[in-house]
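Asks: I am attaching a structure below and will ask some questions about it afterwards.
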Amino acid sequence: MRTAVVRVKVDPGGSLTASAVTEGMAALTGMADAAGVELIQNDLAALPPSRREVEFLMTGADPAELQDVANGLCGRAFGTEPVAGVLTFVSHGTDDDAHGVLAGFGLTGQIERTPTGEGWDIVDVTLSKADVERVPESRIHTALEASLNCEVRIHTV
């Protein structure tokens, strides 16, 4: 399962007082724990209203679903209309990460990992020719290498 950093702007209008933000963070901490979501602690009350953004570590593959859960938690905790921020996935260099990168391009493929015995792996990715015609191979290759931190070889069928 992939791990995402889900960011939410909890006070986009800047209407909350510092004490309301502190109370909201306390409520959010409890709600996040109950939901099995990790809230990254931050002193939001000390930040300017334009920077009041919380971050969650969440597992899942569907960005929209993850943002809906995070926005819902924030809305209940702060009593505001939160706005989804940037969502990024943390890479652990696993085959799930490789499949996630491919899914980000709207692709599916076969992943085969071969340890080299020298401390790194070679990952062979097999994609359809039609997919590679639609998405440039160089973009796929760069994204996979960055995510996996190993040598990637793309094959088309």
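Asks: So what is the orientation-averaged projected area of the stretch 3-90, using the convex hull of its C-alpha atoms, in nm²? Show your work: numbers first, answer last.
Replies: Working: hull surface 19.3 nm².
If you wrap the Cα atoms of the stretch 3-90 in a convex hull and average its projections, you get 4.8 nm².
Asks: If each of residue 151 and residue 139 carries a label point 7 Å out from its Cα toward its Cβ, how far apart are those two points in nm?
Replies: Roughly 2.7 nm, to one decimal.
Asks: Suppose every K and R has +1 on its Cβ and every D and E has -1 on its Cβ; what is the size of the dipole of the stretch 3-90 about the Cα centre, in Debye to the nearest 20? Don't jump to the answer; show the numbers that get you there.
Replies: Working: 5 positive and 11 negative charges, 43 e Å.
The dipole of the stretch 3-90 has a size of about 200 debye.
Asks: So, one more: Just from its helices, what would the mean residue ellipticity at 222 nm be for the chain, if runs of 4 or more DSSP H residues each count -39500 (n - 2.57) and the sum is divided by every residue, rounded to the nearest 500 deg cm²/dmol? Write out the running numbers ahead of the final one.
Replies: Numbers: 5 runs with 62 residues, N = 157.
That comes out to -12500 deg cm²/dmol.
Asks: While we're on this one: Ranking 76, 7 by Cβ neighbours within 10 Å, fewest first, what do you get? Don't jump to the answer; show the numbers that get you there.
Replies: Numbers: 76 14, 7 18.
Starting with the residue having the fewest Cβ neighbours, the order is 76, 7.
Asks: Under DSSP H, which helices of the chain have Cα atoms covering 20 Å or more of the helix axis and a Kyte-Doolittle average no less than 1.0?
Replies: Details: long enough: 18-35 (25 Å, 0.80); 63-78 (22 Å, 0.10).
TM-like helix candidates: nothing returned.
Asks: Note down the magnitude of the dipole of the chain about its Cα centre, charges +1 on Lys and Arg C-beta and -1 on Asp and Glu C-beta and zero elsewhere, to the nearest 20 debye.
Replies: On the way: 11 positive and 23 negative charges, 90 e Å.
Dipole of the chain, to the nearest 20 debye: 440 debye.
Asks: Rounded to two decimals, what is the ratio between the C-alpha radius of gyration of the stretch 74-157 and 2.2 N^0.38 Å?
Replies: Values: Rg = 16.6 Å, N = 84, 2.2 N^0.38 = 11.8 Å.
That ratio works out to 1.40.
Asks: Okay, next question. Report, by chain and number, residues whose modeled amide H sits under 5 Å from the one on residue 151, excluding near sequence neighbours (fewer than 5 apart, same chain).
Replies: Distant-sequence amide H within range of residue 151: 121, 123.
Asks: Now, a different point. Just the number: Rg to Rh for the chain, Cα atoms, Kirkwood Rh, two decimals.
Replies: Numbers: Rg = 19.5 Å, Rh = 17.5 Å.
My calculation puts Rg/Rh at 1.12.
Asks: Which one of 38, 112, 53 has the biggest mean-square fluctuation once the chain is modelled by GNM with Cα springs under 10 Å?
Replies: Of the options given, 112 has the highest mean-square fluctuation.
Asks: Taking springs between alpha-carbon atoms closer than 10 angstrom, which of 57, 144, 127 fluctuates most in the Gaussian network model of the chain?
Replies: Taking springs between Cα atoms under 10 Å, the residue moving most is 127.
Asks: Compute the distance from the alpha-carbon center of the stretch 94-121 to that of the stretch 1-69, in whole Å.
Replies: 31
Asks: What size of dipole, in debye to the nearest 20, comes out for the stretch 106-157 about its Cα centre when the only charges are +1 on Lys and Arg C-beta atoms and -1 on Asp and Glu C-beta atoms?
Replies: Value, rounded to 20: 200 debye.
Asks: Over 5 Å intervals from 0, what percent of Cα-Cα pairs in the stretch 59-120 sits in each interval?
Replies: Calculated over all Cα pairs of the stretch 59-120, the distribution is 3, 14, 19, 17, 14, 10, 9, 6, 4, 3, 1 percent.
Asks: Next question, about the same structure. Could you put 25, 31 in order, starting from the residue whose Cβ has the fewest other Cβ atoms within 10 Å? Walk me through the numbers on the way to the answer.
Replies: Values: 25 20, 31 16.
In order of increasing Cβ crowding within 10 Å: 31, 25.
Read the figures in this text as sums done on the coordinates, not as results from a lab. These numbers come from a predicted model, not from an experiment. For neighbour counting, all protein chains shown are included, and Cβ atoms are generated from backbone atoms with ideal geometry for every residue, glycine included.
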